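**Q** Got a structure here, written out as structure tokens. Questions coming.
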Amino acid sequence: MDCLVNLYSQRMTALAERVENVNATIRIALPPELHFVQSWVREHFSEYWVSEVTVAMSHRPPGCLVAVVDGQLIGFACYDATARGFFGPTGVAESQRGNKIGLALFYHTLAAMKAHGYAYAIIGSAGPVDFYVKAVGAVPIEADKEDIYQGLLRVRPKPEADA
């Protein structure tokens, strides 16, 4: 299910306050870091997300933000990867979950989208819909599986060889 976020909502201000003391540096990824971010996303998430990171990083400025603690990448968030106005993908290292890193990445990415002139953001195939609703009042968009990802080419498991 997709979700819609109003970037001019007062909930954005409240979200900014919730994440102002997060113990991580959230910043736009630099182009020379592309290979590093790709490798990290491949290790922690999926090849599909590596593809989206690559597209987001091709924009000027890059549409990929990173979360860094003690010089280590611990999370990322993208926008304008699969489609213009889309937030995501986003992910945080398992060891860092529960520390509001994902929430901070979400806020800073939405703020970057607003700074680029967007009034709304779409969260495509939002996994944790309740998280987004609670965080910033995202509104679910009903679509009966008729979203941008329908028909996405997927890797099929190789058939096992006969013995």
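**Q** Would you confirm, using the coordinates I've provided, whether Pro128 is over 20 Å from Asn21 (Cβ atoms) and either touching a Pro at 6+ places or on another chain (Cβ under 8 Å) or in contact (Cβ under 8 Å) with a residue 24 or more places away in the chain (or both)?
**A** So Pro128 does not fit the description; no.
**Q** Is it the case that Ala115 is open to solvent by 20 Å² or more (accessible area, probe 1.4 Å), out of contact with any strand residue (DSSP E or B) (no Cβ under 9 Å at 6 or more places or on another chain), touching a residue at least 60 places away in the same chain (Cβ under 8 Å) and closer than 17 Å to Val19 by Cβ?
**A** no
**Q** Does region 97-108 contain any residue that is under 28 Å from Thr25 (Cβ atoms), among the polar types (S, T, N, Q) and exposed (fewer than 15 other Cβ atoms within 10 Å of the Cβ)?
**A** no
**Q** Give region 57-77 a look and list any residue that's over 12 Å from Leu110 (Cβ atoms), assigned to a strand (DSSP E or B) and touching a residue at least 12 places away in the same chain (Cβ under 8 Å), or say none.
**A** Cys64, Val66, Ala67, Val68, Val69, Leu73, Ile74, Gly75, Phe76
**Q** Can you tell which of Tyr8, Tyr79 is open to solvent by 50 Å² or more (accessible area, probe 1.4 Å), under 29 Å from Pro140 (Cβ atoms), at pLDDT 95 or above and among the hydroxyl-bearing types (Ser, Thr, Tyr)?
**A** Within the list Tyr8, Tyr79, the selection yields Tyr8.
**Q** Quick one: would you say Asn23 is touching a residue at least 12 places away in the same chain (Cβ under 8 Å) and loosely packed, with under 14 Cβ neighbours inside 10 Å?
**A** It is true that Asn23 is touching a residue at least 12 places away in the same chain (Cβ under 8 Å) and loosely packed, with under 14 Cβ neighbours inside 10 Å.
**Q** Where residues in region 118-146 are open to solvent by 60 Å² or more (accessible area, probe 1.4 Å) and at pLDDT below 80, which of them is farthest from Glu47 (Cα to Cα)?
**A** Ranking the qualifying residues of region 118-146, first place goes to Asp144.
**Q** Filter region 25-42 down to residues that are under 16 Å from the mean Cα position of the chain (by Cα) and among the charged types (D, E, K, R) and give me whichever is farthest from Pro62 (Cα to Cα).
**A** Filtering first and then ranking leaves Arg42.
**Q** Quick one: is Tyr149 under 27 Å from Leu34 (Cα atoms) and at pLDDT below 95?
**A** Answer is yes for this residue.
The values are calculated or read from the model by the stated rules, or taken from the named source; none is laboratory data. Worth saying up front: this structure is predicted, and the values here are computed from it rather than measured. Cβ sites come from the backbone with ideal geometry, for glycine too, and all protein chains shown count toward neighbours. Ligands, DNA and RNA are stripped out before the accessible areas are found, and what is left, the full protein with its side chains, is counted by its heavy atoms. Shrake-Rupley method; radii C 1.70, N 1.55, O 1.52, S 1.80 Å.
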